[in-house]
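I'd like to ask some things about the structure below.
The values are calculated or read from the model by the stated rules, or taken from the named source; none is laboratory data. Because the structure is predicted, anything quoted here is derived from the model rather than measured. In this analysis, Cβ positions are derived from the backbone assuming ideal geometry, glycine residues included, and neighbour counts consider all displayed protein chains.
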């Protein structure tokens, strides 16, 4: 045995990295580390094995397992970190508009810019502040976009980090901006999705699972296993199908996610652990409004919100086990509200009268009160302009009577973004991250 004992790999030394993909399925090195609960992170490679059950005159019926098509799944969660969690909101919703503060150094575009472009031509030479690393805003809401300049060419062409999500017309206003940034996510409805591909698909992401467990199995009898030099595996083309918020008044705002990915592959470079400096926000500092009024919400003890995407993994007969695409279907939102304790029958009336109306949930470390030593200011607002209460159940399990209501977000023309159409709700996040 080596000095200090055998090699072991503590779970607390592992971490999850995330990055937006420029091309679906092409792994990206992690940009940020996403803190999570240790026992919640469960990525799993799920190749399909094809059984040979053809009888051969023997009292058994499994004669071989052939490796079939391959993909992966994941689930993880933990308390809220409202800087890095924006990547997951983007993965589910897809329509993202961002505005910054303190606009300055104005310029204008000289021609229309299409969806998917990573450069723009300005009407004149850009201001001197338009240098690599500068943050600029193109246009205004609902199609405003904030990008980070990667380089400027000698003429009046500016290159930036990620492809544009919206079309921007000639003479569109461009400014440098600073934090805080306001991000609004809605259901992506335009035919052109992320990067300009047809199909209204949100961006995909790469999850990097760093365990530090190095693969040294190279027995030639069973083939040569790949060497995992960096102790990290990457799950590309990650697509969320569930984004769940839990808002018990006695706890931190919790966020859980599940979804599908491509089969993992060994990381080709050493991942960098860039840990967020955010601090989780407690639910007691939340505000919930129902039917435009905060009056009945004074006794709400718990809420939940679930953003759901139907997903489907597709394979094709073209000599590859890798999925052709992981397709995202309709976006839906539902959840629950607990009036606990209750001082009114209003929760029951909401269901019996089918009183569909607006509901919003805001979680912040600045309002309604400023939380001492809470770090970077964050505000998260979940808005549904038309909510149907489909269940109302009286609760007597505690000392005081309460009601538990289940609700569903109904598609409407208000909860939309720059891609228009209809949507069940939106998420607005104010933080110091310029772009997702």
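Suppose the filter is loosely packed, with under 15 Cβ neighbours inside 10 Å, over 32 Å from the mean Cα position of the chain (by Cα) and over 30 Å from residue 276 (Cα atoms); does residue 3 pass it?
yes
Related question: Any idea which of 116, 199 is in contact with a helix residue (DSSP H, G or I) (Cβ under 6 Å, 6 or more places away or on another chain) and either closer than 30 Å to residue 233 by Cβ or buried (at least 20 other Cβ atoms within 10 Å of the Cβ) (or both)?
The match here is 116.
So that you can scan it fast, the table gives a plain yes or no per residue for (1) within 27 Å of residue 377 (Cα to Cα); (2) more than 28 Å from the chain's Cα centre (by Cα); (3) modelled with pLDDT of 95 or more:
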{"residue": "104", "(1), (2), (3)": "yes, yes, yes"}
{"residue": "147", "(1), (2), (3)": "yes, no, yes"}
{"residue": "165", "(1), (2), (3)": "yes, no, yes"}
{"residue": "168", "(1), (2), (3)": "no, no, yes"}
{"residue": "173", "(1), (2), (3)": "no, yes, yes"}
{"residue": "177", "(1), (2), (3)": "yes, no, yes"}
{"residue": "180", "(1), (2), (3)": "yes, no, yes"}
{"residue": "204", "(1), (2), (3)": "no, no, yes"}
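Please work out if residue 86 is farther than 24 Å from residue 140 by Cα and out of contact with any helix residue (DSSP H, G or I) (no Cβ under 9 Å at 6 or more places or on another chain).
Here the answer is no, as residue 86 does not meet what is asked.
Out of region 136-148, which residues are in a strand (DSSP E or B) and surrounded by fewer than 20 Cβ atoms within 10 Å (Cβ to Cβ)?
The answer is 148, and nothing else.
Kindly indicate which of 62, 82 is assigned to a loop (DSSP other than H, G, I, E, B), over 13 Å from residue 16 (Cα atoms) and in contact (Cβ under 8 Å) with a residue 60 or more places away in the chain.
82
Of all residues in region 341-367, how many are modelled with pLDDT under 95, over 12 Å from residue 290 (Cα atoms) and in contact with a helix residue (DSSP H, G or I) (Cβ under 7 Å, 6 or more places away or on another chain)?
4
Which is closer than 23 Å to residue 308 by Cβ, under 22 Å from the mean Cα position of the chain (by Cα), buried (at least 16 other Cβ atoms within 10 Å of the Cβ) and modelled with pLDDT of 95 or more, of 235, 194?
Exactly one residue qualifies, and that residue is 235.
If I go through region 394-424 residue by residue, how many of them are more than 17 Å from residue 308 (Cβ to Cβ) and in contact with a helix residue (DSSP H, G or I) (Cβ under 9 Å, 6 or more places away or on another chain)?
6
Go through region 163-179 and report how many residues are in contact with a strand residue (DSSP E or B) (Cβ under 7 Å, 6 or more places away or on another chain), surrounded by fewer than 18 Cβ atoms within 10 Å (Cβ to Cβ) and part of a loop (DSSP other than H, G, I, E, B).
2
What are the residues in region 250-293 that are in a loop (DSSP other than H, G, I, E, B), modelled with pLDDT of 95 or more and either buried (at least 19 other Cβ atoms within 10 Å of the Cβ) or in contact with a strand residue (DSSP E or B) (Cβ under 6 Å, 6 or more places away or on another chain) (or both), if any?
Of everything in region 250-293, those that are in a loop (DSSP other than H, G, I, E, B), modelled with pLDDT of 95 or more and either buried (at least 19 other Cβ atoms within 10 Å of the Cβ) or in contact with a strand residue (DSSP E or B) (Cβ under 6 Å, 6 or more places away or on another chain) (or both) turn out to be 253, 262, 263, 264, 267, 271, 273, 274, 280, 281.
Any residue that is at pLDDT 95 or above, loosely packed, with under 15 Cβ neighbours inside 10 Å, under 19 Å from residue 357 (Cβ atoms) and out of contact with any strand residue (DSSP E or B) (no Cβ under 8 Å at 6 or more places or on another chain) - is there at least one of those in region 409-416?
Yes, region 409-416 contains a residue that is at pLDDT 95 or above, loosely packed, with under 15 Cβ neighbours inside 10 Å, under 19 Å from residue 357 (Cβ atoms) and out of contact with any strand residue (DSSP E or B) (no Cβ under 8 Å at 6 or more places or on another chain).
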